[in-house]
Structures are given as C-alpha cells and as structure tokens.
1. Mind giving me the nanometre distance, one decimal, between the label points for Ile60 and Gln106, set 7 Å out from Cα along Cα→Cβ?
2. What number, in nm² with one decimal, is the all-direction average of the projected area of the convex hull of the alpha-carbon atoms of the chain?
3. Quick one: Karplus J couplings for the range 117-122, per residue in order, coefficients 6.51, -1.76, 1.60, θ = phi - 60°, nearest Hz, x for Gly and Pro?
4. For Lys63, which aspartates and glutamates qualify as cross-link partners when the Cα separation must be under 20 Å and same-chain residues fewer than eight apart are set aside?
5. Read phi for every residue in the range 75-82 and hand back ³J(HN,Hα) as whole Hz from Karplus 6.51 cos²θ - 1.76 cosθ + 1.60, θ = phi - 60°, with x for Gly and Pro.
6. Okay, helix-only estimate at 222 nm for the chain: each DSSP H run of n ≥ 4 adds -39500 (n - 2.57), divide by all residues, round to 500 deg cm²/dmol; what do you get?
7. Shape verdict for the range 64-109, please, from the Cα gyration tensor: rounded (a/c under 1.5), prolate (a/b greater than b/c) or oblate.
8. Mind pulling the angle between the C-alpha long axis of helix 131-140 and the longest principal axis of the chain? Nearest 10 degrees, somewhere in 0 to 90.
Amino acid sequence: MRLFVALDLPQEVKIRLSAMCGGIPGVRWVKPENYHLTLRFIGEVPGYMAEELDIALASIRAKPFELSLSGLGTFEKSGRVQSLHVAAERTPGLAHLQAKIETAMQRAGLPPERKKFAPHVTLARSDGSSLNKLAGFVQAHNLFRSEPVMVEHFVLFSSRLGKEQAVYTPEVEYALAA
Ligand code: ATP
Ligand code: MG
C-alpha cells in the first residue's frame, strides 16, 4: 500500500480554497475532495508494516490545536514550478504533532524524513510551463487567510495513483485529546 499521514480539512475551508482556484491554463487543479495537509509521506509498504505503523500512530498522545492557512507559494525543482500551495502557519501545536509522528514512524522502522517540514495544502500541479501565470496567481491571492480551524484528529490515508488524480482513502483516524 502507498500510505501517508495527513490532516483533513473542514468542508468550509475546502470550499473557500476551491473558490480561489482556476483561471490558469496548463495547470492541473487538485480536486477539492483531495485537499489535505501531509504530515508524513510513508510511501509503499507491505501489509505487516502498515499494521506496525498504525500501532505506532495510535500510541501518539497530542492535544488538539488550531490550524491557520495563510499565504500562497510554489515549489520548484531545477527552476521549474512543480506545484502551487497554500501555506499553513507553523504553530507549536502543528510542529509538535508532526514531530511526534516523525518519531513514531522512525521507531516503527521507517527511515528518517530528510526534507524539512513545510506544512502546506497543494492546490495545483504544473509541468513548469506556467511559471509567470503562477507567479501572478500567488501575488494576486497572497493575502488569503483562513479562519483558524480546530484540528481534533489526524488520518492515515492510502493513495492509489492513476491516470487522472490520485484517489486518497482515509484508512484510520487518530483522535487528539486534551
Ligand atoms: P501524484 O503523485 O499522482 O501527483 P499525489 O502526489 O497527490 O499524486 P501521492 O504521490 O500518493 O499522491 O502523495 C500523497 C501525499 O504525499 C501528497 O500530499 C504528496 O505531496 C505527498 N508526497 C508524495 N511523495 C512525497 C515525498 N517523496 N516526500 C514528501 N511528501 C510526498
Ligand atoms: Mg506524488
């Protein structure tokens, strides 16, 4: 299975994000139901490993916290824009949960994530040809800010890659408690 750990977003936030999206030819907009904030990409693992990871995730104790989305950005590779995202504020609550998940995943046997955590929700993917238009979009919408939303659980998703957009399935929800 291809797995990742993420935060789901309330419907109102998904609607607000999708209302902002559109109008750039040549980019693939993420479907609103696919919006999420990845906390840990796991990748392909065998079934027995998925069980170990689930046990490790279920043992995490962390408190609910407020999540705020604020500002837009792009990720680039070799000078080409790969994706457009809305950024999440790197608050202590979010950083704490991400760190606990990272520790749990390593204890369960995954190699450490080497990339620095950059919390974001991907809105679109690009083949790199729409650089100027994406830059304009980022500038036009950079004041975007969501109402803070309370995060009370995180989710282990499976991902099936296809010709169209990936299909994400919530496999297990883990509650946060004060
Ligand atoms: P596609 O790969 O077809 O564009 P996708 O990226 O939406 O689809 P996945 O590749 O399964 O689907 O990724 C699931 C989530 O994990 C996404 O949020 C993606 O950005 C993130 N992700 C994927 N690969 C990595 C990676 N190597 N490191 C960190 N995050 C990743
Ligand atoms: Mg991918």
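Values quoted throughout were computed directly from the atomic coordinates according to the rules given, and no laboratory measurement underlies them. Here the structure is a predicted model, which is why all the values come from computation and not from measurement. Here the Cβ is made from the backbone with ideal geometry for all residues, glycine too, and neighbour counts use every protein chain on show.
1. For the pair Ile60/Gln106, the computed spacing is 1.5 nm.
2. 10.3
3. Taking θ as phi minus 60°, the curve returns 5, 10, x, 7, 10, 6 Hz for the range 117-122.
4. Excluding near neighbours in sequence, the set is Asp8, Asp54, Glu89, Glu102, Glu147, Glu152, Glu173.
5. 10, 10, 9, 6, x, 10, 6, 9
6. Values: 4 runs with 48 residues, N = 178.
Helices in the chain give a 222 nm mean residue ellipticity of -8500 deg cm²/dmol.
7. Details: a/c = 4.28, a/b = 1.40, b/c = 3.05.
Verdict is oblate for the range 64-109.
8. Orientation of helix 131-140: about 80 degrees from the principal axis.
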